[in-house]
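The structure appears right after this line, and notes come after that.
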Amino acid sequence: MKRRSLPVKNLIRRPGRTFALILLTVFLSLSVLGGTVIVSSLRQGLNSLEARLGADIIVLPSSAQSKVSFEKLFLQGTAGAFYMDASVLDEVLQTPGVEAAAPQTFLASLKADCCSVKIQVIGIDPDKDFTVRPWIAESYAREIGPMEVVVGCKVEAEVGEIIRIYDERCKAVARLAPTGTGLDTAVYCSMETMGVLLQAAEAKGISHKITSDDDSRISAVYVKVREGADIDQVSSRLNSHIRKVTAVRTRSMITQVSDSLAGITRTIGVLIAAVWALTVIILLIVFAMMTAERRREFAVLRLIGMSRRALSGLLLTESTLCSAAGALIGAAFAFTLVLPFTALIEQSLGLPYLTPDWKTVLGYAAATVLITVLIGSISSAYAAWKLSRTDPGTALREGT
């Protein structure tokens, strides 16, 4: 019998034992890679959300919170429609400490024939906006023209394609990078285009809280605070001096999201650590039992000339083969169970969720396979060391 084929033959000869070893490493690889991808996606989603906000404070109608929580406003996009008088913009600009203010108007979510999901139409003022334009500029350098729209990454419309909103033809001039939030299903347009869409909605008998000839209503004002000014003080001034509005500091919302993320990350980390510890303990027990069970087999191999080093290498090779097979199968299961269901995971967690690129995910997979194989090898190393110190004659006598 060739020595190189001996580990494989041993594994095939005992399929039950081999299957159990592979199953343990599958569970370890699946939990480590799946948990790592989920945690990384949550962190990347939070970083993307923070980068996209671009404002220190958001001013909303006081009635908005009864329709949608402010946290949901960030995490799921602008769900619903709420409005306040456009004169609020001038009052915000006159508030000490305010450097810039940009209005936005939200049109309630609708099912457009271009999309498999509901979309949110958001009107911006290109002359005043400082939050969305830098984001749009990453993929489109020009200003948004009449009946032109910029679509989120989950809106099923390619650049240059004509989409119909309330039967109005709008040209998609740019597609935005993913954020891992509800903003990925938003459509951005100018205030002029928003008026045309409202008029089209009225023609179809669809009623909104604002009309096409009502240009005195806005949904929110995004505020940039002057350098050196205290954001909390500016927020307090806005809340105390402007009636029927609520000024919310964006950092406080990010902190709340970050705290939720930290709690989930800790939970996943504890679970992964528990799986690691449990798997290592079980593998140590399994290899110890396996070595005791095969004492006579190993003794015979020693008597026919196999060295202690070669015998230890045999056991390490068997464990490495099982660990490698289990790690690869576990990684494949992680790809199957985690990556195709990102939208469902995002919806279930209620947090920004942005999956890393393929290179990063493959890097996580390679590291997981390496760690799993290493754990399997380390678990068998003690059994191999103990085996190498056993006298073959004694082992044979004990087995008789």
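Among the residues of segment 149-197, which ones are among the acidic types (Asp, Glu) and within 30 Å of the chain's Cα centre (by Cα)? Walk me through it before giving the result.
Let us first name the residues in segment 149-197 that are among the acidic types (Asp, Glu), namely 156, 158, 161, 167-168, 184, 192.
Across segment 149-197, the qualifying residues are Glu156, Glu158, Glu161, Asp184.
In segment 309-323, what count of residues is obtained for those that are within 31 Å of the chain's Cα centre (by Cα) and more than 15 Å from Thr279 (Cβ to Cβ)?
0
Only residues in segment 19-40 that are modelled with pLDDT under 85 count as the first member; pair them with residues that are of a type in the set (D, E, K, R) and assigned to a helix (DSSP H, G or I), Cβ under 9 angstrom, at least 6 apart or cross-chain, and list the lot.
Sorted first by the residue in segment 19-40, then by its partner, the pairs are Leu21/Glu318.
Return the total of residues in segment 127-141 being at pLDDT below 85, surrounded by fewer than 16 Cβ atoms within 10 Å (Cβ to Cβ) and part of a loop (DSSP other than H, G, I, E, B). First the steps, then the outcome.
Within segment 127-141, the first condition is being at pLDDT below 85, and the residues that meet it are 131-141.
Then keep just the ones that are surrounded by fewer than 16 Cβ atoms within 10 Å (Cβ to Cβ); that gives 134, 137-139, 141.
So of that shortlist, the ones also part of a loop (DSSP other than H, G, I, E, B) come out as 138-139, 141.
Result for segment 127-141: 3.
Can you name the residue in segment 225-246 that is of a type outside the set (D, E, K, R) and in a loop (DSSP other than H, G, I, E, B) and, of all such residues, is nearest to Asp85 (Cα to Cα)?
The first filter runs over segment 225-246 and keeps only residues of a type outside the set (D, E, K, R), leaving 225, 228-229, 231, 233-236, 238-242, 245-246.
Among the residues that remain, those that are also in a loop (DSSP other than H, G, I, E, B) are: 228-229, 242.
Working: Gly228: 30, Ala229: 26, Ile242: 11 Å.
Applying the filter and picking the extreme gives Ile242.
Quick one: how many residues across segment 324-366 are part of a helix (DSSP H, G or I), touching a helix residue (DSSP H, G or I) at 6+ places or on another chain (Cβ under 8 Å) and hydrophobic (A, V, I, L, M, F, W, C)?
16
For every residue, the table says whether it meets (1) buried (at least 21 other Cβ atoms within 10 Å of the Cβ); (2) touching a Gly at 6+ places or on another chain (Cβ under 9 Å); (3) at pLDDT below 90; (4) among the β-branched types (Val, Ile, Thr).
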site	(1), (2), (3), (4)
Ala86	no, no, yes, no
Glu91	no, no, no, no
Gln94	no, no, no, no
Ala100	no, no, no, no
Thr105	yes, yes, yes, yes
Asp113	no, no, yes, no
Ile119	yes, yes, yes, yes
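The values are calculated or read from the model by the stated rules, or taken from the named source; none is laboratory data. Small disclaimer: the values here were computed from a predicted structure and weren't measured. Cβ: placed from backbone, ideal geometry, glycine included. Neighbour counts: every protein chain shown.
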